[in-house]
Structure formats: structure tokens, C-alpha cells
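Heads up, the thing below is written out as C-alpha cells.
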Amino acid sequence: MKTEVSSAEEEAFWSRTPNEAMEQLGVTMSGLASSEIENRQKKYGKNSLKKSSDISAILLFLMQFKSPLTILLIAAAILSVFLGDHTNANIIFAIVFISSALGFWQEKGASEAVAELLKMVQIRCLALRDGNEKEIPVDAVVPGDIVRLAAGDIVPGDGLIIKTQGLFIDEAAFTGESFPVEKNVGISSFDTPLAKRCNVVYMGSHVISGSALILIAATGKNTEFGKISSRLAIKAPETDFERGIRRFGFMLMEVTLLFTAIIFALNVYLHKPVLDSFMFSLALAIGFTPQLLPAIITINLSKGAREMAKKKVIVKRLAAIENFGGMNVLCSDKTGTVTLGKANVKDAIDALGNSSGKVYYYAWLNASLQRGFHNPMDTAICEGYAGEKTKCEAFAEIPYDFIRKRLSVCVAIDGQPMTITKGAVNTMLEICTMIELSDGSVEPIENHRAEIMQQCQTLGNQGLRALGVAYKHISMGNFTITDENNMTFIGFIVVFDPLKHDAMQAVNDLNELGVSIKIITGDNELVARNLMKQLGNENPAVVTGSQMLQLSDRAFFHQAQQAHIFAEVDPNQKERIILTLKKNGNVVGFMGDGINDAAALHAADVGISVDSAVDVAKEAADIVLLTSDLDVLKNGIIEGRKTFANTLKYIFMATSANFGNMFSMAGASLFLSFLPLLPKQILFTNLLTDFPEITIASDRVDAVSISKPIRWDLKFIKRFMIIFGALSSVFDYCTFGLLLHVMNADEKLFQTGWFVESVVSAALIVLVVRTRLPFFRSLPGKYLATATIVVVVFTLAIPFFPLRSLFEFIQLPAIYFMWITLIVAAYIISAEIIKKWFYKSIHT
């Protein structure tokens, strides 16, 4: 028992002083030596809770055989070996191997490309190593590292605080408490509960304001968050794309099992060899199943990710590409997207609108001395102030938070201690009882409240934002939130964030793509309304944060869909907006870059951030823009739609052709005394028809296919599969009639003739079904066109080369090629006519 207690106490780093903890971890204030890093990484492992995505080449290759149908086929081929049919077994093994090798080659290249892209948006931190601060990836942090934290940083591991200044941490992941927790240097007893250890920071939390130097004591799965994650088995929510693939897979499974069971039973009933019938049914099932679908999806998504990277859009989660393309509502803060994102100070005025150097001076002191969250407003005030800059030091501070919406700094001016506070005007008026006028006189604020509000409205109507400034004389000592009262209001700092020159065009472009923009901002209603007017909406619908508090979920459900602007909102309300819009049936994107945006980024169908965002926002996002620009966003949406459109092309092509072949074989097996195709011939057909479709990721996409958001529509896919599959069967039966009644074909001639017609027609019909337009008005990409030509030529040549004997084909008479040309031409023309009717019918 003593040993257990001793061991537990040894791990309780929170019960030690910083010096004791550093001694135990073998580190000094200079940080770890480079020579020590590799040893610790081997000992403690990678600092990550995510499962490693590094799959060995051998394992990736073996994963290509995980399909139950493929495993069954291999087992059946092994059985054939034992029964003495070595040739057929070897051919089946070879075809399965080649198909799997194609999938492996494509998936390996895709995964390597995506891994390189993800390195571009790694979360990094500042660590002391060899006496110098170095920027390192968070997953490279090891116990013993000394890390510097600032506002917006993600805490990279469980650590003991060495130094701190005004540090407030969001620990909602552990405590469920939305209010930030203040942290300081100190010692907590061994048995102090996790939530009350005020000298410790934890992985899974992030810095709201302030700064600190921490000693990392635990990383990865050894952290408190790691222990929670391993118990809960946290999984990312399923995207609409993943849900669609899953449902599509179930549909194929049901159809495949039904058809193959019926065909096997009928062939056995008709006294055909049981093993041949089983192999035929199994090969048919594999022929119907789009085996390359997982590889095609990976190839398409990784190709899309690479193309999006060229447009300065980095995809962190591949499945989010479809949601990006399917997005029809984009919620965004105005700062940095429709505006330049750089605040400028227009003026400093007193409560009645007169320019005031004192207001500017006090605002400058507040902005320059604060050590919490550095925002664009403080930067603008510090850069714009040109007055006397007295050297002062703050002796206390209450950092800005998103509940109070104000910042207080305590400073001594000419020996007189005072608190200077600035923030949103409404929250400032709540704590002010007096007002200082331009002549220095002080009066009760109630005498001038109406004038203050009128001044705010005037500024707001001009698109200007006003920050209130106030002060209070105090005594030296502690200053807490409860002391923010009885202050004296002195005036406003007036700032503006100019509209981007191309913002209106960018918004119009998104609207044309079927994406509506909704602005979510903490700014007041008047500023937000003025902004929307500048974007061309003269009468925008606005919902404020205070109005949201009064609305029931049902009432807000209706208002959220109609609103163009959500103004004066807090972080929790952002999340409510996103969730409500999703309930309305929208695919919702949220673009955020701040500390307060993480919850909304998680809630959105696709979370979008920028590379300059704080770590917590980048980590929560699915997609990271390398520049905060709506035009870049538009390009990313288009690439996302192209990616999804090309994935759907493969599904349309594979399922319609395969369904038609299955239906044809099912019928043929009933009236033929032999199998319409041997199992190895079916597998060879499947391999050849799949080969061109590997290039589908590089195919051109029609403008009409990306003009609107794309969503999964299983009913549409079923309808397409049945109609075009049936059309394929019609011409298969024409081929059967030709072979049996015109050419009096025997078993070998029938199988060879149908194999050639089946592969050639399936390869060429791709050019028709890949587009809604007439195929001659929408030419395929060069790789798809080349691959199609190669397959057609190769198939036509097979009967004339020694390879034919392996597959038990024979040489075809010349007249057959004339007939088959007519049949395939009729098939293509008929498909064009049916296609025109099909797409017209879905719009009527």
C-alpha cells in the first residue's frame, strides 16, 4: 500500500514547487538539451491523442483485400487448386492482385500527398531548448519541455506553472464551466481535486488571456485529457458524405446478396456444376460491387485537397470536402473576411462628440499595458496614438473576456493609482455612475445617458465602432471584477474597419453559387447593419444577442433562417445559431479565427479558419485558408464541388453498367446451357472497365454541375442505376440475339463476343454518363480519354493475341466487329436520348 501511495505522490507534480519539479524531470530554466529530445520522444511517445495515420506499405496493401467478397473469392480459388484447376485459380489470383495493386498504388500516393499538406497547418508552440526559444510542433513536445503560453494558445500538455501574468484558462472540457479559470504559481496539496489545482494547466484547455511559462509534466495519453479520451473513445461526427457512402454501401449489399443468391440457386437447379455456379455467382457479385470505390474516393478527395491547396485552401479532414461543396449557408465574422481585418482609430471623443486627447491617452494606457488577449483594437490604438507616452507599469489587471466585454488595467499616474477600463459601450455604462465633461466637471451619468446613446447611434449609422473609456481612483492593492463599479465615463475611442474593395463582388459570387452569407458579430447592431448595406442589402434582417435570449427555440428556428445579421452575440450564442441553422436542413459553414469561435467551429458542418488564427480555432477547423479572403473561399467551394461531382460520376458509371451486366447475366444463365461468362472472364471484365475510372479524379467538370451545392441523393442514384442499367441490358440482349441467332455461336464464341461488347460499351458509355450535357459538348479530361482508348483497343485486340487462351477466348470473325460497332453506336445514341429525358424529368 505504501508503495502505491508513494508512486501516486511521485506523479503528483502539482504538489511540488517549480524547482522541485524541474529537478525531478532533469531540466533547468534553459530548457532541454537537443541531445535529450530523441531519448524522451522514444520513452514517452508522440504527444498526440489521435491514432497514428502512418500505415506501413505492407499493411496498406493487405487492406486492399479486406472486402468479404474478395476474401471469399480467394478462398474459392484456393479450393480450385485443391480440385486440380490450377490455371483458373492462378488467373483469378492474378486479377485480384492487379486490382488490389492499382488501389494500393493510388491510395498510397494520395495519403502521402495529404500528409504533406497537413504539415502546412500544424499547431506549433514556443519551447525553451538549449537556452533559446524555438517554435516546434505540438506533437513534438515531451515531458521536461518548458513552454511559453499566450492568449489563444492550446495547452500542449499537462504542466506546472513556473511564471504567469494575468493567466485565465478555459477548462470547460474538464469542468463544464464556461467561465475562464485564473491560474497562478503555487503549490496544491497531493489530494487537491483536478478542478481546484490552480497552479496547473491541462492538455485540452486553452488560454483565454494572459501569458505564462509552464513545465510540461505529462504528454499524450498520460495527460488527464488523454485518460478521458481513451475511456470515451471520442470519434469525429459523421459527415453527410460519409453517411451517404455508408447508406450507398448498404443498398449495394442488399441488391448484390439478393441477386447472387437467386442466380446461384437457379444455376444449381438447372444442374450446372456446383463449384462453377458458386464461382460464377461470386464473380458476378464482385463484378456488381464497385471494388475500387474506397480507392476512388480517397483518390478524388486527395486530388481535391491538392487542388484546393493550390488555391490556398488546406483540408485537414478529407471527408469535409463534400460538406464544403454542399455548403449552402456560410456564417462568418465580418472582421478580415468582408472587411480588411485591420482596425483604424478615426478619433477619440468625449461623451458629447468633442475630440479629446485625455480619452486617447487613457485608452492608450489601457491598450499598451494590458498583457492579456491582444486584439486588433488594442493594436490600432497603440499604433495610432501620437501623444505623450508616459512610462508606467500596471500593478493589476482584469483581462478582457467575452462575458464582460471590457478590460481593466490598474496603473499609477503621477503617483495616483487608478483603474482605466475600456470596452463595449453598453457594458461600460453598466459600471459607470458619473461622467466627466470636456471642461473637467463631473456629473451623474444619468443626466447625459440619452446624449451618449445618441452619439453611439450616430457613429453606428456611419459604420463606425465606439469603445467606451472610463476611470476610477483607487488604492494600491488587489483589484477584482467586483471592484468594476462606480466608475467615471470620459468618452469614446472611434474605430473603423474598411470594407474590402472586392467584398461585394465576392459575396455576389457566393450567392450565385447558392451560398448565402450570414454575418455573426459581437459588434453592435448599427455597425453590422451599415456593413450589410455597403454589401448591397439595403434592408437586412437583424437578430441581436439580447433578442436571442428572449426567443424560444421554436421562435428562433424561424427567425434564424431569415436573418442576415446576428449582432452583439456571445460565443455560446454563435453555437446556438449554427445548430439552429443545421436543424433547418442547411449545410452550414462557419468561418472563425478567434478564441471564442472554437465551439461554433465544432458545431458547424464544416469549420473554416485561417492560418493566422489562434491555435484553438485552427485545431477546431476542418479547413484552413492560407489567406482570409472570400474569393479564396469561393475557389475552395468550387474545388470541393468538383471533387464530389467526380466521385458521383464513378458511382453513376459503375453501378449503372454493373447493374445492367448482372441483370443480363442473370437472364442469360436461365436460357443458356453454359455460363454466359466464366468467373475469370467476369473478373477480367471488371478489371478493364475499372481501369479508366481510376483517372476520374482528373476529369473536367461541367459548370452546371457545380453551380449549386451538391448533396447525396440515394433515390436519384437508385433511379439512375435502374434506368441506365436496364438500357445497358437491352443492348446486351441484342448482342445475345446476334451471337445466338445470326452467328450460331457456341460457348467459346458467345463468351468472347459478349466479353468484347461488354467491355467496349462500358468503357465508351462512360463518356456519355459522366456529363449532363451531350457528350460531344463536354469532352473528358485527357487522362480519362487516353485510358478509355487504351482499354477499347486492348479489348478489341485480345482475341487476336496468345493472351486469349488464358481466358479461354477464341478469335472473332471480322463481321462481328461490324455488328458490334452498330450495337455500341445505337447504345450511345440511345443513352444520350434517355439522359436528356432523365435530367429533364427531375426538374419537372
Original post:
How many percent of the accessible area of the range 359-480 is carbon or sulfur, using a 1.4 Å probe?
Top reply: 50
**OP:** Add +1 for every Lys or Arg and -1 for every Asp or Glu among the other residues with Cβ under 11 Å from the Cβ of A604, and state the total.
**Re:** -2
**OP:** Quick one: grab the alpha carbon gyration tensor of the range 719-826, order the square roots of its eigenvalues as a ≥ b ≥ c, and give me rounded if a/c is under 1.5, else prolate or oblate depending on whether a/b is larger than b/c.
**Re:** oblate
Original post:
Residue farthest toward the positive end of the dipole of the range 583-716, with Cβ of Lys/Arg at +1 and Asp/Glu at -1: which of T695, I623, N658?
Top reply: N658
**OP:** Could you estimate the translational diffusion coefficient of the range 674-732 from the Stokes-Einstein equation, with Rh from the Kirkwood formula over C-alpha pairs, at 4 °C and 1.567 mPa s, in whole µm²/s?
**Re:** 87
Original post:
E182 versus T821, label points 7 Å from Cα toward the beta carbon: distance in nm?
Top reply: 8.9
**OP:** Would you mind working out the magnitude of the charge dipole of the range 394-544 relative to its Cα centre, with +1 at each Lys and Arg C-beta and -1 at each Asp and Glu C-beta, to the nearest 20 Debye?
**Re:** 220
Subject >> Linear extension gain, F395 paired with K782, 0.36 nm per residue minus alpha-carbon span >> reply: 132.4 nm
**OP:** Give me the compactness ratio for the range 371-476, meaning the Cα radius of gyration over 2.2 N^0.38 Å.
**Re:** 1.14
**OP:** Compute the distance in nm between two label points, each set 7 Å from the Cα along the Cα-to-Cβ direction, one at S30 and one at N572.
**Re:** 4.9
**OP:** Give the shape of the range 297-431 as rounded, prolate or oblate, defined through the alpha-carbon gyration tensor: a ≥ b ≥ c are the square roots of its eigenvalues, a/c under 1.5 means rounded, and otherwise the shape is prolate if a/b is larger than b/c and oblate if not.
**Re:** prolate
**OP:** For each pair in K358/K500; K389/K618; K43/K310; K134/K618; K342/K574; K303/K649, compute the distance between the two Cα atoms and list the pairs where it is over 27 Å.
**Re:** K358/K500; K389/K618; K43/K310
Subject >> Whole-Hz couplings from phi, Karplus 6.51/-1.76/1.60, listed for the range 821-828; x for Gly and Pro >> reply: 5, 5, 5, 5, 4, 4, 4, 5
**OP:** Would you mind classifying the range 403-458 by shape? Square roots of the alpha carbon gyration tensor eigenvalues, ordered a ≥ b ≥ c; an a/c under 1.5 is rounded, otherwise it is prolate if a/b is larger than b/c and oblate if not.
**Re:** oblate
Original post:
Which aspartates and glutamates have a Cα less than 12 Å from the Cα of K183, not counting those fewer than 8 places away in the same chain?
Top reply: D170, E171
Subject >> Accessible area, probe 1.4 Å, largest first, for residues L160, L648 >> reply: L648, L160
**OP:** Measure off, as a whole percent, the carbon and sulfur share of the 1.4 Å-probe accessible area of the range 490-562, all protein chains present.
**Re:** 48
Original post:
How large is ³J(HN,Hα) for each residue in the range 555-560, as worked out from phi by the Karplus curve 6.51 cos²θ - 1.76 cosθ + 1.60 (θ = phi - 60°), to whole Hz, x for Gly and Pro?
Top reply: 5, 5, 3, 7, 6, 4
**OP:** Over the alpha-carbon set of the range 545-679, work out the extent along each principal axis and list the three values in angstrom, largest first.
**Re:** 78, 38, 23
**OP:** Please turn the phi angles of the range 787-804 into ³J(HN,Hα) values with the Karplus equation 6.51 cos²θ - 1.76 cosθ + 1.60 (θ = phi - 60°), one per residue in order, whole Hz, x for glycine and proline.
**Re:** 4, 5, 4, 4, 5, 4, 5, 4, 5, 5, 8, 3, x, 9, 10, x, 4, 4
Original post:
Averaged per residue, what accessible surface does the range 662-784 expose to a 1.4 Å probe, in Å²?
Top reply: 37
Original post:
Along its principal axes, what span do the Cα atoms of the range 441-585 show, with the longest given first and each in whole Å?
Top reply: 59, 35, 29
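The values are calculated or read from the model by the stated rules, or taken from the named source; none is laboratory data. Computed from a predicted structure; not experimentally measured. Neighbour counts run over all protein chains shown; Cβ positions are idealised from the backbone, glycine included. Note: areas computed on protein heavy atoms with side chains; ligands, DNA, RNA excluded. Shrake-Rupley method; radii C 1.70, N 1.55, O 1.52, S 1.80 Å.
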